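Taken together, the values in this text are just the output of simple stated rules run on the coordinates, not laboratory data. Keep in mind that this is a model prediction, so the values were computed, not measured. Ideal geometry is used to build each Cβ from the backbone, glycine not excepted, and the neighbour counts take in all protein chains shown.
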2 protein chains.
Amino acid sequence: MMTNEIETPAVVIDEAIASQNIKAFQAYCNKHGLNLRPHIKTHKLPHFAKMQLAAGAQGITCQKIGEAEVMADAGVRDILITFNILGEAKLKRLRTLSDRLERLSVTVDSKVTIDGLGSVYDGAARPLNVLIECDTGAGRCGVQTPQQAVELAKCVARYPGLNFDGLMTYPPAGGTKAVNDFMAQTPELLKADGLDCSTVSSGGSPDMWLAHEQTAVNEYRIGTYIYNDRSLVEHGTCAWSNCAISVLATVVSTPTPGRSVIDAGSKVLTSDLPHLDGYGHVVGYPDIRVASLSEEHGVLHHNESTPFTVGERISIIPNHACVVSNMVNAVHLLAENGETNEVTVAARGLVT
Amino acid sequence: MMTNEIETPAVVIDEAIASQNIKAFQAYCNKHGLNLRPHIKTHKLPHFAKMQLAAGAQGITCQKIGEAEVMADAGVRDILITFNILGEAKLKRLRTLSDRLERLSVTVDSKVTIDGLGSVYDGAARPLNVLIECDTGAGRCGVQTPQQAVELAKCVARYPGLNFDGLMTYPPAGGTKAVNDFMAQTPELLKADGLDCSTVSSGGSPDMWLAHEQTAVNEYRIGTYIYNDRSLVEHGTCAWSNCAISVLATVVSTPTPGRSVIDAGSKVLTSDLPHLDGYGHVVGYPDIRVASLSEEHGVLHHNESTPFTVGERISIIPNHACVVSNMVNAVHLLAENGETNEVTVAARGLVT
């Protein structure tokens, strides 16, 4: 099917750009001696996870067990789940997942989480790798000090079914110094307790080209870089030409000279990142503002001469790629010859 | 399954409250002589559409053909799609859908849309009902003046396969006077051209209890009222006890005394309606702020003594019910005896 035959709204992924994005950051990591562990939350597709691994990634990152289960089904064998796994049902699923993988890792930031993991992995043939999550300024999960990290690492080490593997952090943009301070000091403290820190994992797309400045880190997790989006262009991380994702929409109304309405609303573009002023970048019309969204309508504001006719199709680069992938049952992969291939977003909506 | 056995995060719907909400507004419409046409976008479930029809609704409203197709599969026979249907593929689907229903209606606000409908319904056994969408202040779709509405109505009437049925508007909150002005004047003008306005349809949940003040209207469309949400409580439309929808979440981290983190982020609660200050109402903790969301984490800010323990479950009433239903593959219907029943959200994610 060619792009003009796709029913709108639709999420279109330019495969050549995505492939180029994968290769470019893998080359950067290779150059700087960083292990790359892409976060599949951006694409949620086995197709692209395999492409990332084939390019040289050492494994993948997932945020929830459900995503990891889909990737295991597709043959991925090294997965890090960057989440505190809690509760009987999830612990049971995690243990089952372990048996299907060569390497499964999780993150923890409390004794409660460690105790749960430790009890379910008691007697496991293959230990679960555990990283201590450290808060380096993002204000989400994570221990607050290197001393707290050491206490939890010691707690992990006491469980025979758990393997203390190292540290993990998800810093805010501009967090390089905080990461270096935390991640240089903690392994020294751990060493004094006889604990070895194999993995020091950081991540984040906005500062991806500065990852080498996080000198205490040996693994980098990154999601958005495969598609890129308006937030990364506005941050200066990439150019519009590096954006692989766009939302194809139809102009359904031109009610006044200053306003056009499209058939893509928050059910595709999402309400994410409103601080960017508007909900996307209209390709070819940099001055047009995606002013507001309701669920199935997007309202564009432009100057007093409508540039569109009803029925015309336009493309919008969304504010945030990852959340857009999660809205649709399928995306359309666009090949260089203009053909598109509809692919189910296999790990979409898997919140548990 | 009982609520405490459900894996989190999960969307839970209290059936008794939803049923009460359906009955209460149906009684209001009956009292005021208004036809009720609920919008299924809030629940996206045949189960509740049938409950709304059984209570006395004359038909349902959908926003996209895909939603209407699911409801037709479930046996619904009177559907209004409040959208400009454009493009060959969609027009074909619409015509096919017509043959399965007793009554199908759509809205239009341009000659381009009418011409497309007119050509595909040429020779149809059963005409398509067409309403002219009028902009009464919402600034989305719709003709701007009664005169424009008349011009389009005349255009509809020229197509043998189309039946001009009346007017439709979706006013902003507080829009009663604008609706009355537009909807009183236009039928008079139409009459002068020999056109009869059978249906005058308005809608919106925030002002639902003032619908009878829209004296020129004979049909009311409403979605959120079945579940209600934080936005309607804050608007004064309903009480917390009328909210049938909640997101069940687990506290996964208490990293500092002032902060707790839950396993529900924007992939369940969505980023919608940030002007409400925070992303939901924590049941039983009115002073706790759902301060920020990333995709799989929700960050709660509270005073300097953590009220939660890691692993504890809490419930959150979301800002906007309709968008939350769209995030999950299934919701859990909670019966009065505490049992829950997992139901697939059949019309979820149908954007075309």
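Data overview
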{"read-out": "Simple spin-label estimate for residue A:277 and residue A:344 in nanometres, 7 Å along Cα-Cβ", "value": "4.3 nm"}
{"read-out": "Gyration tensor over alpha-carbon atoms, the range B:16-226, equivalent ellipsoid semi-axes in Å", "value": "25, 22, 13"}
{"read-out": "Loop-located trypsin sites (Lys or Arg not before Pro) in the range A:271-352 whose Cβ has at most 14 other Cβ within 10 Å (DSSP)", "value": "none"}
{"read-out": "Debye intensity ratio I(q)/I(0), log10, the range B:188-339, q values 0.08 Å⁻¹ (C-alpha model)", "value": "-0.31"}
{"read-out": "Dipole magnitude of the range B:231-319, debye to nearest 20 (Cβ charges: Lys/Arg +1, Asp/Glu -1, about Cα centre)", "value": "100 debye"}
{"read-out": "Residue of A:339, A:133, A:219 that the Gaussian network model of chain A assigns the largest fluctuation, springs spanning Cα pairs under 10 Å", "value": "A:339"}
{"read-out": "Share of Cα-Cα pairs in the range A:213-262 lying beyond 19 Å, as whole percent", "value": "56 percent"}
{"read-out": "Cβ-derived FRET efficiency at R0 22 Å, residue A:99 paired with residue A:173, nearest 0.05", "value": "0.05"}
{"read-out": "Minimum Cβ-to-axis distance in chain A for the rotation onto chain B, with residue, whole Å", "value": "A:271, 2"}
{"read-out": "For the range B:193-332: relative contact order, % (alpha-carbon pairs under 8 angstrom, 6 or more apart)", "value": "25 percent"}
{"read-out": "Zero-based 20 Å bins, Cα pair distances in the protein assembly as shown, whole percents", "value": "18, 49, 28, 6, 0"}
{"read-out": "Charge dipole (debye, nearest 20) of chain A; +1 at Cβ of Lys and Arg, -1 at Cβ of Asp and Glu", "value": "760 debye"}
{"read-out": "Percent of beta bridges antiparallel (DSSP, chain B, rounded to nearest 5)", "value": "50 percent"}
{"read-out": "Beta bridge orientation in the protein assembly as shown: antiparallel %, DSSP, nearest 5", "value": "50 percent"}
{"read-out": "Percentage relative contact order, chain A, counting C-alpha pairs under 8 Å, at least six apart", "value": "21 percent"}
{"read-out": "Cut-off under 5 Å, modelled amide H: who pairs with residue B:333 long-range", "value": "B:13, B:341, B:342, B:343"}
{"read-out": "CD proxy at 222 nm, helix term only [per DSSP H run n ≥ 4: -39500 (n - 2.57); per residue of the protein assembly as shown; nearest 500]", "value": "-8500 deg cm²/dmol"}
{"read-out": "Per-residue HN-Hα couplings for the range A:225-242 [Karplus 6.51, -1.76, 1.60; θ = phi - 60°; Hz; x = Gly/Pro]", "value": "3, 5, 9, 6, 6, 4, 4, 6, 5, 5, 6, x, 6, 8, 9, 3, 5, 8"}
{"read-out": "Residue exposure sequence - A:240, B:209 - by fewest surrounding Cβ within 10 Å", "value": "A:240, B:209"}
{"read-out": "Rounded Å value of the spacing that divides the Cα centres of the range B:171-187 and the range A:34-82", "value": "53 Å"}
{"read-out": "Cβ-defined net charge surrounding residue A:333, 14 Å radius [Lys, Arg +1; Asp, Glu -1]", "value": "-3"}
{"read-out": "Förster radius 41 Å - calculated FRET efficiency between residue B:154 and residue B:240, Cβ distance, rounded to 0.05", "value": "0.25"}
{"read-out": "Amide proton proximity set for residue B:163, modelled H, under 5 Å, gap of 5+", "value": "B:128, B:129, B:130"}
{"read-out": "Helix A:88-98 axis, angle to chain A major axis (alpha carbon atoms, nearest 10°)", "value": "90 degrees"}
{"read-out": "Between helix B:15-32 and chain B: long-axis angle, C-alpha atoms, 0 to 90°, nearest 10", "value": "30 degrees"}
{"read-out": "Residue of A:271, A:198, A:305 that the Gaussian network model of chain A assigns the largest fluctuation, springs spanning Cα pairs under 10 Å", "value": "A:305"}
{"read-out": "At 7 Å out from Cα toward Cβ: residue A:193 inter-copy label distances (nm, ascending)", "value": "7.9"}
{"read-out": "Radius 10 Å from Cβ of residue B:198, net charge of other residues (Lys, Arg +1; Asp, Glu -1)", "value": "-3"}
{"read-out": "Inter-copy spacing of residue A:213 label points, which lie 7 Å from Cα along Cα→Cβ, given in nm from shortest upward", "value": "5.7"}
{"read-out": "Long-range Cα-Cα pairs in chain A (distance over 25 Å), rounded percent", "value": "55 percent"}
{"read-out": "Within a Gaussian network of chain A (alpha carbon springs, distance under 10 Å), most fluctuating of A:286, A:307, A:146", "value": "A:286"}
{"read-out": "The range B:48-158, relative contact order in percent, only Cα pairs under 8 angstrom and at least six apart counted", "value": "20 percent"}
{"read-out": "Around residue B:189: net Lys/Arg minus Asp/Glu count, Cβ-Cβ under 14 Å", "value": "-3"}
{"read-out": "When the range B:96-159 is reduced to its Cα atoms, the Kirkwood hydrodynamic radius in Å", "value": "12.5 Å"}
{"read-out": "Label geometry 7 Å along the beta-carbon vector: residue B:31 inter-copy distances in nm", "value": "7.2"}
{"read-out": "Helix A:176-192 vs. chain A, principal-axis angle (Cα, 0 to 90°, nearest 10)", "value": "20 degrees"}
{"read-out": "Per residue convex hull volume, Cα atoms of the range B:234-319, in Å³", "value": "87 Å³"}
